[in-house]
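What follows is a set of notes on a single structure, which appears directly below.
The values are calculated or read from the model by the stated rules, or taken from the named source; none is laboratory data. Predicted, not measured: the structure shown is a model, and the values here were computed from it. Note: ideal-geometry Cβ built from the backbone for every residue, glycine included; neighbour counts use all protein chains shown. With ligands, DNA and RNA removed, areas are computed over all heavy atoms of the protein, side chains included. Shrake-Rupley method; radii C 1.70, N 1.55, O 1.52, S 1.80 Å.
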Amino acid sequence: MEPEQRYALDALLDALGLSFDESVRVEPGVLDEVFSLLTLARERDAELDQHGRPLPPDDPPGPRVAELAEGLGLERRGYPGGERFLVALTHDVDLLGGGGLPTAARKLAGSVAHRSRRRLRESAAFAADALRGRDPDYPLEAMRAAEGVRGSTCFFLTHQEAPQDGYPERYGPALRKALERTRAAGVEVALHASYRARERPGAIVEETRPLGEVQGLRHHYLRSDPARLAAELREAGLRYDSSIGWPSLPGLRAGTPYPYRLWDAERREPGAWELPLVLMDATLAEERYLGLDAEAAYDVAVAALEPVAEHGGAVAILWHPPSHHPRLSRGYDDLYRRLLTWIDERGGWAGSAAETLDRWVGRRV
């Protein structure tokens, strides 16, 4: 059996919670399809957006790997804890240090000049945060209040060079305290690779160092180079990536609701883990994407999670910290809580990315 076929067969058996067994008979065409899906082969000729990211196809693959695994006629093992599916709660910390009374005053002046009630409410929220010493860009307490005893993961930038990386003059000075608060709250810390990291050899190794011991990676703007991800993670000693998702559309970009090993083309072997990103707040809310209010976004979000629940999957969702702000999130803080309730009611489990992978790996025999 060629390494590529072995990789595809292992992914199918892993989807069922079964150990690798070369004697399991699978049609070569099925193995080829699985390999093509997990290596995103169909994206090689895809149209790119302005950030160099493949646009979603007109016919997204859906949970195709799950369907192929079920077609083997073998029983899928459940999770040891009895949960039906797993969801990693993740947060990309793109902004830090944006509050303070001067900022609140500028926003108040802008609200007066534009006669905008929305801006007036925003300036009042910034003022309230400033008086309490809180950063409106990183409302950690509100995030943790929503999550309760559940774990979660925050991805932090350590290198800001491109304009898309935000405001290093604010972010850098606030980073150390933010990391301390995050870890003290029991939240996993991981790397948010910079906008141009995929273009710089050795960038992931360099950007990981300031964070100390971490396990995970997500590229800023989801701007990864999938063909290089396995090598990046190997070189940096990281366990997983969670960048494979579409910015503009919820769903299963690699056609699987399961974590899978990235293909290391340089070595022709499986590499570190990919935790698929199925849903992002910005996809739902931003006008350049779906532009939905919180109420309309709920149905779309649930539709994206339904195949995960149906097939016993394990995926990540992404909620940026400002979407947890009780006065600035336009209802997306409540939407997040509603989704956590939905996960609970459907028999799912939610926690950090590292915990999600632990549970996924632990169910295999």
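Some observations on this one:
- Global form of the stretch 318-365, assessed from the alpha-carbon gyration tensor, a/c cut-off 1.5: oblate
- In a reduced charge model with +1 at each Lys and Arg Cβ and -1 at each Asp and Glu Cβ, the chain shows a dipole moment near 1620 debye about its Cα centre.
- Signed unit charges on C-beta, dipole axis of the chain, positive-most listed residue 159, 28, 272: 159
- Relative contact order (%) - criterion: Cα under 8 Å, at least six apart; region: the stretch 176-308: 18 percent
- Percent carbon-and-sulfur accessible area, the chain, ignoring ligands, DNA and RNA, probe 1.4 Å: 49 percent
- Value at 222 nm in deg cm²/dmol, rounded to 500, when DSSP H runs of n ≥ 4 in the chain each add -39,500 (n - 2.57): -12500 deg cm²/dmol
- Across the chain, Cα pairs under 8 Å and at least six residues apart give a relative contact order of 24 percent.
- Tensor-based shape of the stretch 185-271 (alpha-carbon gyration tensor, a/c under 1.5 rounded, otherwise prolate or oblate): rounded
- Between residue 30 and residue 266, the contour length at 0.36 nm per residue exceeds the Cα-Cα span by 82.6 nm.
- Accessible surface calculations at 1.4 Å, restricted to protein heavy atoms, place the chain at 44 Å² per residue.
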